[in-house]
1. Identify the residue in region 284-315 that is within 12 Å of the ligand (Cβ to nearest atom) and at pLDDT below 95 and, among all such residues, is farthest from Ser11 (Cα to Cα).
2. What are the residues in region 266-289 that are over 17 Å from Val161 (Cβ atoms) and touching a residue at least 24 places away in the same chain (Cβ under 8 Å), if any?
3. Go through region 360-378 residue by residue and tally those that are of a type outside the set (A, V, I, L, M, F, W, C) and outside any helix (DSSP H, G or I).
4. Among Gly116, Gly95, which is at pLDDT 95 or above and more than 30 Å from Gly199 (Cα to Cα)?
5. Of a type in the set (D, E, K, R), more than 8 Å from the ligand (Cβ to nearest atom) and out of contact with any Lys or Arg (no Cβ under 9 Å at 6 or more places or on another chain) - does that describe any residue in region 67-79?
6. Please go through region 1-21 and give me each residue that is in contact with a Gly (Cβ under 9 Å, 6 or more places away or on another chain) and buried (at least 19 other Cβ atoms within 10 Å of the Cβ), ordered by number.
7. Scan region 290-311 residue by residue and report those that are part of a strand (DSSP E or B), touching a residue at least 60 places away in the same chain (Cβ under 8 Å) and in contact with a helix residue (DSSP H, G or I) (Cβ under 7 Å, 6 or more places away or on another chain).
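The values are calculated or read from the model by the stated rules, or taken from the named source; none is laboratory data. Here the structure is a predicted model, which means the values were calculated and not measured. Heads up, the Cβs are rebuilt from the backbone with ideal geometry, glycines too, and the neighbour counts pull from every protein chain shown.
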Amino acid sequence: MPVLKLQSLWSVTAPPGPVCTPLSGEQRAQAVVIGAGYTGLSAALHLAEAGREVLVVEAADIGERASGINGGQVIPGVKPDPDLLERLLGPYAGGRLVATTGTGPDLVFDLIARHGIECEPRRAGWIQPATSEAALEQLGRRVEQWLRRGAPVSLLSRGEVLQLTGSALYCGGLLDRRGGTVQPLAYVRGLAHAVLRAGGRIHTHSPALRLGRRAGTWSIDTPQGSVSAPVVIIATDAYTDAVNEQLRRTMVPVPSFQVATAPIPAELRSTILPEGQAASDTWHLLRYFRLDASGRLVLGARGTFGQSPHLRDVQYHYRAVHEIYPQLKGIAFEYHWGGMVAMTQDQLPHLHELAPGLLAGLGYNGRGVAMATVMGRLLARRALGAQVEELGFPVSPVVPLPFHALSGVGARAMIQYLRFIDGVARVGGRLRTRVPFRV
Ligand SMILES: Cc1cc2nc3c(=O)[nH]c(=O)nc-3n(C[C@H](O)[C@H](O)[C@H](O)COP(=O)(O)OP(=O)(O)OC[C@H]3O[C@@H](n4cnc5c(N)ncnc54)[C@H](O)[C@@H]3O)c2cc1C
């Protein structure tokens, strides 16, 4: 079996990011951010715009992790439905969380416009095509809940989904006009340029190795330098390492893998997502797909992959493309790549205050393009002194997951299990099981 070359489509089409150097010597700042993805750069940008001296340390390069390799789907809200959130958190706190997270795409497209970020932004909406009548009923309830809150969301018939996606696979769906797409690497690189223009400093290839506190000040050591500040924001999401072991154990990193086809010939392309929406369907192991600016189909799904995946490892993804779009059989697959998604037990992102002046935000459950940008702004506002009640988002205690050490094995087993139950459903079968979540 041939070994696949791993390369992200986005790395080929994004404008260059800023050239940054590793941190060296002893530095000081008013706030240090660990991690230069959407969370960290959005936090740094909002802090720099508020006049704070901010310094970002990044272990790799900008956008080398999730923020530069994702599907670029700008999805409003979080996974749990609005009514459920209000039941769980109470009408006031739940309502504010729903409002804060629902406006995520507004923040993304506003930052892009305000900072002139060239990242192929397109706000045509986001579709959830239904894979079963039961899923469609659930989407109907979701639409009704969002409509009560004034969101531009509608339920689509089978024919409307066929028209908007070009796929006959689905029995209906949900269209949320708040959503859209970006070129994800270009977006994160654009945020980095904006941070630098606002006066922030970014040091790449500078992993935080140690985080300590001396005389009311936090200090961070990197291989060639150190930096101290009264405020530190940890923005490392699925890539959180032993620098904060407690935080690392609050989420499970789950692998997600994507493939991109060659540009689709114009005649065929006009039948596929002709209005430019992004889509994530309702299988338990959901598939997310969209076109890029040159008309390639980009499809992703959770799935395991090693450092050197073989062709057999991506057969699931190829089959998914052909199941959704049989008309694409014969079109080559040119790019393959993947990364880690941070999943939390309650399917919600978490904002933590680990100690005075030590903040963290993570756990976007596959919805981080909009939500991590929002989280960065929330972290900056809290670091600037906003009261917890003013944030519109809860500050939660750090609760490590039980049996976290087994999470890698558990995540792989869960993916296989969900593939299995989706496979049974696909051939018309039914298992006596109810899995209440989708990944
Ligand atoms: C394949 C894939 C597809 C996805 N598709 C979508 C999608 O279509 N839509 C959507 O909304 N979401 C999607 N997501 C999720 C989304 O990409 C993430 O939720 C989001 O990018 C998280 O941003 P972040 O800044 O918190 O984390 P990241 O972008 O992962 O950034 C964290 C950074 O911290 C750095 N770091 C870690 N440890 C240290 C340390 N000790 N010192 C210094 N730096 C450190 C890492 O190098 C990394 O750059 C996808 C994710 C993946 C992997």
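1. Leu286
2. Passing the criteria: Ala266, Leu268, Arg269, His284, Leu285.
3. The qualifying residues number 6.
4. So the residue among Gly116, Gly95 that is at pLDDT 95 or above and more than 30 Å from Gly199 (Cα to Cα) is Gly95.
5. no
6. Scanning region 1-21 gives Ser8, Trp10, Ala14, Gly17.
7. Val298, Arg302
Okay, residues lined up against (1) under 21 Å from Arg122 (Cβ atoms); (2) within 22 Å of the chain's Cα centre (by Cα); (3) not assigned by TED's automatic domain parsing to the domain that holds Leu41:
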| site | (1), (2), (3) |
| --- | --- |
| Gln258 | yes, yes, no |
| Trp283 | no, yes, no |
| Ala320 | no, yes, no |
| Ile331 | no, no, no |
| Gly357 | no, no, no |
